[in-house]
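Here is the structure we will look at.
No lab work stands behind these numbers, since they all come straight from the coordinates. Just so it is clear, the model here is predicted, and its values are computed rather than measured. Heads up, the Cβs are rebuilt from the backbone with ideal geometry, glycines too, and the neighbour counts pull from every protein chain shown.
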Amino acid sequence: MKLYIADKTCSEAVQIIANELGIAPELIHFDVFGKSTSNGDDFAELNPMQYVPLLVLDEAKERLSETIVVTSYLADQYPEAGLIPPQGTLERVKYDQLLVFIATEIAQKHIPLMRKLMTEAGIAWTSSRIIAAYQILDDRLSDGRRYLAGDTLTVADAYLWATFWGERSGINVSHLANVTAWKARMDAHPSVLKALRDEADVVNAHRARIAEQTV
């Protein structure tokens with residue numbers, strides 16, 4: 001199993017879930033700007049849209065993309081881990097609703113802000129939408145739960161943490177006490193810390209090889 005990642009992107013969510021499950025896909029770094037991969041693969045052939053995460057399964061080399069799809073697939077393979085509700089249940093439908101909410105109201109709305117693609121009016125409108133979405137999650141956490149679905153980390157936590165891009169998009173939610181406390185718990189979680197270490201190792205090794213080739 002191969003997992004194509006990029007530095008400081010939503011592919012970290014897949015790494016976190018893999019760590020929670022105790023599985024270790026081969027990590028391959030895709031340089032978003034230089035378009036090279038750490039193992040020499042042509043990423044455009046694997047995913048014409050050229051974004052991560054991309055999971056290549058050993059079985060028939062099937063490819064899965066989209067963060068929600070990849071993380072949910074892995075979690076579904078190990079139902080005993082409790083990282084996502086069972087398929088076919090109302091609980092799962094409502095959980096999928098939460099994942100789509102994070103994708104559309106938070107993750108995707110950060111991107112044009114980070115890339116400086118918007119007018120002042122657009123920035124103001126989009127920023128207010130993102131902050132309103134975080135407020136909804138803050139309210140969700142207000143009952144004392146430690147994570148979005150209860151007292152243990154699940155797929156939604158991994159996804160939200162991996163798209164917490166406020167420093168790059170200019171979104172400040174420090175006034176939301178529950179979200180801020182949740183973020184601190186995630187920052188200290190062993191699966192998150194391992195994801196960051198593993199990502200740094202493969203990214204730094206790839207960048208070092210690129211630097212050697214340009215000397």
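Tabulated data for the structure shown
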{"item": "Residue 32/residue 92 FRET efficiency (R0 41 Å; Cβ-Cβ; nearest 0.05)", "result": "0.80"}
{"item": "Antiparallel bridges, percent of DSSP beta bridges restricted to the chain (to nearest 5)", "result": "65"}
{"item": "Cβ crowding within 10 Å averaged over residues, with 206-213, 161-168 ranked highest first", "result": "161-168, 206-213"}
{"item": "Residues 43, 33, sorted so that the one with the fewest Cβ neighbours within 10 Å comes first", "result": "33, 43"}
{"item": "Lysines with Cα under 30 Å of residue 116, excluding same-chain neighbours fewer than 8 positions away", "result": "8, 35, 183"}
{"item": "Two-site label geometry, residue 61 and residue 187: point separation in nm, points 7 Å out along Cα→Cβ", "result": "4.2"}
{"item": "For segment 85-189, the fraction of alpha-carbon pairs in successive 5 Å shells from zero, as %", "result": "2, 12, 23, 24, 18, 11, 6, 3, 0"}
{"item": "Residues 159, 95, sorted so that the one with the fewest Cβ neighbours within 10 Å comes first", "result": "95, 159"}
{"item": "For segment 85-189: relative contact order, % (alpha-carbon pairs under 8 angstrom, 6 or more apart)", "result": "29"}
{"item": "Whole-Hz ³J(HN,Hα) from phi, Karplus 6.51 cos²θ - 1.76 cosθ + 1.60, for segment 117-133, glycine and proline x", "result": "9, 10, 6, 4, 5, x, 4, 5, 5, 5, 4, 5, 5, 5, 5, 5, 5"}
{"item": "Where Rh is the Kirkwood radius over Cα pairs, Rg/Rh for segment 82-132", "result": "1.19"}
